[in-house]
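Below: the structure, in structure tokens.
The values are calculated or read from the model by the stated rules, or taken from the named source; none is laboratory data. Please read these numbers as outputs of a predicted model, since none were measured by experiment. When we count neighbours, we look across all protein chains shown, and the Cβ atoms used for this are built from the backbone with ideal geometry, even at glycine. Each accessible area value is taken on the protein alone, full model and side chains, heavy atoms only, with ligands, DNA and RNA left out. Shrake-Rupley method; radii C 1.70, N 1.55, O 1.52, S 1.80 Å.
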Amino acid sequence: MDESQNTPSIDLKGRSILVVDDDRVNLKIIGGILRHEGYEITEAASGEQALEVYAEFRPNLVLLDVMMPGIDGFATCRTLKKTYGETCAPVIFVTARSKADDIVMGFDAGGVDYLTKPFRPKEVLARIRTHLSNQLLLEQLSKANAAKDRFLGMCAHDLRNPLSSIRGLAELMSENAIGSLTEEQREIVNTIHGASQSMLQLVNELLDVATIEAGHLKLAKEPTRIADIVNRSIRLSGIEAAKKNTRIEMVNKTKNPMIDVDRNKIRQVVDNLINNAVKYSPRGSLITVKINADETSSGFSVIDNGPGIPDNERHKLFKDYGRLSAQPTGGEKSTGLGLAICRKIVEAHRGTISVENTPGRGCEFVVRLPRFK
Amino acid sequence: MNFGGSILLVDDEAHIRKFISLLLRHLGVKRIFEAKNGTEALEVYQREKADLILLDVNMPVMDGIDTLRGLKKINPDCVVVMLTSLANRQTIDDAVRNGASNYIRKDAPFEEIGRALAETIDTCFEPDAPDPGAAPPP
């Protein structure tokens, strides 16, 4: 079978190539071969001219002769890479010499490949096709990625707001804000509340991952005491914990050193670890949140009574969608994103997050954050 | 929450207005005005002079920051609290620079929204000052 049938066909017609060579005959030959394939060709007879033409035509690929009077191919390539950076088209060097040194120098200068003269048309076309395909796929990938970000941004508004209204209205109803409810009505309202709450959490977590992955995680750091954040989180987790008759206590023997963190983001980490502890511990447990401090760092650890982390699942723990075999003990939902987000947030603060099983039962999640200087 | 004043609630989304106004009533606020965009907000404010304005950031027609500027032009001392869905530092800074007193995440659990409102009312309406709209002391 013809090998080309195995590669998915990508339409490369009309992709533009800048061919740079001081030898007119060569330009003519290679230009002819490439035009025949449907590529759009621009020519330059020197390095200097190539730089000018590049700026004007912005080709998808550059075929660059090494030996030219004036600035040579390597220098031309280096200038292109320096000027256009990440967005620079791939450069394939054309050289009459096939010395290994030349090839290495070409790659050093930023080239992606090389061709030796005299040309074998099939080789020329195959290599060009490969690099143009890669370049096109990269272009499509970054467009798709931008579309995904836009879509997620849309989710932020179009899903989050209505969901938080549904949740809020259900909460208000269960608080008898519109009059007292029958047992059955209360059950229904609580179901609406629970379902909208878990959807909201899922949407929020997906958005967090997307934001962090896109490199858009911005930290608004300020000096903070970790105990203040922990106290607040314990208060907020109290309702869920009380449902399972679980107690959360804070132990703090530190002098409350300041850490330099984004409060909202670290709050999210604390909330997440405490919620997990409640979620995976049996009813009636005691969860301890310990405030830690040493010379350079301050942080906290959350000690639960859950099943602990099996050794063979440890590697999945802080990864996206890394759900383990342990099941929530009160039918709670889990997206498998929480700990991945925690790790990303902590690492963005140049801190560390780790977990150890405690002797007997349960485990201890430890977060360390750099102290404020 | 002890607040006898009136509140103007501005948001383009009906469900948010429903939720926040129910929450306000639940917290004991008696007089609530609503507007669904910035232009309408300025009109209602001209007419009703609410004591506190809850103002959405993202709105069509006239966005929250422009509306905030308009409100401050009518009354430089008006108390405005921004309603946001994502805590965007830039937007919050913009709002504060233009005279907003505070911001509230409308996607927060309702106890938190209530607490943030109570805090704003405590700071912006000093206890010594006569409570706006409250009956004069006997």
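Look through A:G360, A:G336, A:G351 and report the one residue that is surrounded by fewer than 21 Cβ atoms within 10 Å (Cβ to Cβ), among the small types (G, A, S) and in contact with a Ser or Thr (Cβ under 8 Å, 6 or more places away or on another chain).
Every option except A:G351 fails the conditions.
Just checking, does the stretch A:139-160 include any residue being closer than 17 Å to A:L61 by Cβ and of a type in the set (D, E, K, R)?
yes
So B:I104 fits all but one of (1) within 25 Å of A:D262 (Cβ to Cβ); (2) within 14 Å of chain A (Cβ to nearest Cβ); (3) open to solvent by 30 Å² or more (accessible area, probe 1.4 Å); what number is the exception?
Going through the list (1) within 25 Å of A:D262 (Cβ to Cβ); (2) within 14 Å of chain A (Cβ to nearest Cβ); (3) open to solvent by 30 Å² or more (accessible area, probe 1.4 Å), B:I104 breaks only (3).
Can you tell me which residue is surrounded by the fewest Cβ atoms within 10 Å (Cβ to Cβ) among those in the stretch A:13-39 that are under 39 Å from the mean Cα position of the chain (by Cα) and of a type in the set (G, A, S)? Before you say what the answer is, go through the steps one by one.
Restricting attention to the stretch A:13-39, the residues satisfying the condition of being under 39 Å from the mean Cα position of the chain (by Cα) are A:13-20, A:34, A:37-39.
So of that shortlist, the ones also of a type in the set (G, A, S) come out as A:14, A:16, A:38.
Working: A:G14: 9, A:S16: 16, A:G38: 11.
It comes out as A:G14.
Please determine whether any residue of the stretch A:240-259 is surrounded by 14 or more Cβ atoms within 10 Å (Cβ to Cβ) and part of a helix (DSSP H, G or I).
Within the stretch A:240-259 (the criterion being surrounded by 14 or more Cβ atoms within 10 Å (Cβ to Cβ) and part of a helix (DSSP H, G or I)), the answer is yes, since at least one residue qualifies.
Any residue at all in the stretch A:304-327 that is within 17 Å of A:A340 (Cα to Cα), within 26 Å of the chain's Cα centre (by Cα) and β-branched (V, I, T)?
Yes: one or more hits.
Against the condition more than 14 Å from chain B (Cβ to nearest Cβ), farther than 30 Å from A:I29 by Cα and of a type in the set (G, A, S), how does A:A146 come out, does it pass? Quick ask: steps written out before the conclusion?
Details: more than 14 Å from chain B (Cβ to nearest Cβ): yes; farther than 30 Å from A:I29 by Cα: yes; of a type in the set (G, A, S): yes.
Yes.
Between B:E48, B:E43, B:E13, B:E34, which is closer than 19 Å to A:L169 by Cα, of a type outside the set (A, V, I, L, M) and more than 10 Å from every other protein chain (Cβ to nearest Cβ)? Give the steps one after another, and end with the answer.
Numbers: B:E48 fails: closer than 19 Å to A:L169 by Cα; B:E43 fails: closer than 19 Å to A:L169 by Cα; B:E13 fails: more than 10 Å from every other protein chain (Cβ to nearest Cβ).
One residue alone meets the criteria, B:E34.
Considering (1) over 16 Å from A:R371 (Cβ atoms); (2) within 14 Å of another protein chain (Cβ to nearest Cβ), say which one A:K253 fails and leave the rest.
Condition not satisfied by A:K253: (2).
Condition test on B:L68, is it farther than 18 Å from B:D107 by Cα and more than 14 Å from chain A (Cβ to nearest Cβ)?
Against the criterion (farther than 18 Å from B:D107 by Cα and more than 14 Å from chain A (Cβ to nearest Cβ)), B:L68 qualifies.
Of the numbered conditions (1) charged (D, E, K, R); (2) modelled with pLDDT of 85 or more; (3) under 25 Å from A:I229 (Cβ atoms); (4) part of a loop (DSSP other than H, G, I, E, B), A:R283 satisfies every one except a single condition; which is it?
Checking A:R283 against (1) charged (D, E, K, R); (2) modelled with pLDDT of 85 or more; (3) under 25 Å from A:I229 (Cβ atoms); (4) part of a loop (DSSP other than H, G, I, E, B), the one that fails is (3).
Being under 35 Å from the mean Cα position of the chain (by Cα) and among the polar types (S, T, N, Q) is true for just one of A:T116, A:T87, A:T42. Which residue is that?
Working: A:T116 fails: under 35 Å from the mean Cα position of the chain (by Cα); A:T42 fails: under 35 Å from the mean Cα position of the chain (by Cα).
So the residue among A:T116, A:T87, A:T42 that is under 35 Å from the mean Cα position of the chain (by Cα) and among the polar types (S, T, N, Q) is A:T87.
How do the pairs read when you match residues in the stretch A:44-65 that are assigned to a loop (DSSP other than H, G, I, E, B) with residues anywhere that are open to solvent by 10 Å² or more (accessible area, probe 1.4 Å) and small (G, A, S), using Cβ under 7 Å and keeping only pairs 6 or more apart or on different chains?
A:S46/A:G70; A:P59/A:S16; A:N60/A:S16
Please go through the stretch A:151-174 and give me each residue that is in contact with a helix residue (DSSP H, G or I) (Cβ under 7 Å, 6 or more places away or on another chain) and either outside any helix (DSSP H, G or I) or facing chain B (nearest Cβ under 7 Å) (or both), ordered by number. Don't jump to the end; show me each part of the working.
Residues of the stretch A:151-174 that are in contact with a helix residue (DSSP H, G or I) (Cβ under 7 Å, 6 or more places away or on another chain), as a first pass: A:152, A:155-156, A:159-174.
Residues satisfying the conditions are A:A156, A:L159, A:R160, A:N161, A:P162, A:S164, A:S165, A:G168, A:L169, A:E171, A:L172.
Residue by residue through the stretch B:1-28, note down the ones that are more than 18 Å from B:R105 (Cβ to Cβ) and surrounded by 22 or more Cβ atoms within 10 Å (Cβ to Cβ).
Within the stretch B:1-28, B:F3, B:L8 meet the criteria.
Residue by residue through the stretch B:29-52, note down the ones that are of a type in the set (A, V, I, L, M) and surrounded by fewer than 20 Cβ atoms within 10 Å (Cβ to Cβ). Explain how you work it out, then say what you get.
As a first pass, look at the stretch B:29-52 and keep what is of a type in the set (A, V, I, L, M): B:29, B:32, B:35, B:41-42, B:44, B:50, B:52.
Those that are of a type in the set (A, V, I, L, M) and surrounded by fewer than 20 Cβ atoms within 10 Å (Cβ to Cβ): B:I32, B:L42, B:V44.
Per-residue answers, yes or no, for (1) open to solvent by less than 40 Å² (accessible area, probe 1.4 Å); (2) modelled with pLDDT under 90:
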residue	(1), (2)
A:E56	no, no
A:L64	yes, no
A:T79	no, no
A:D101	no, yes
A:G111	yes, no
A:V124	yes, no
A:L132	yes, no
A:N161	yes, yes
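Let's see how each residue does on (1) away from chain B (no Cβ under 12 Å); (2) in a helix (DSSP H, G or I); (3) surrounded by 13 or more Cβ atoms within 10 Å (Cβ to Cβ); (4) of a type in the set (S, T, N, Q):
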residue: A:R186; (1), (2), (3), (4): yes, yes, yes, no
residue: A:T191; (1), (2), (3), (4): yes, yes, no, yes
residue: A:G194; (1), (2), (3), (4): yes, yes, yes, no
residue: A:V203; (1), (2), (3), (4): no, yes, yes, no
residue: A:L207; (1), (2), (3), (4): no, yes, yes, no
residue: A:I212; (1), (2), (3), (4): yes, yes, yes, no
residue: A:A220; (1), (2), (3), (4): no, no, yes, no
residue: A:V230; (1), (2), (3), (4): yes, yes, yes, no
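Could you check A:P118 against (1) surrounded by 14 or more Cβ atoms within 10 Å (Cβ to Cβ); (2) more than 14 Å from chain B (Cβ to nearest Cβ); (3) at pLDDT below 90 and say which number it fails?
Unmet for A:P118, out of (1) surrounded by 14 or more Cβ atoms within 10 Å (Cβ to Cβ); (2) more than 14 Å from chain B (Cβ to nearest Cβ); (3) at pLDDT below 90: (1).
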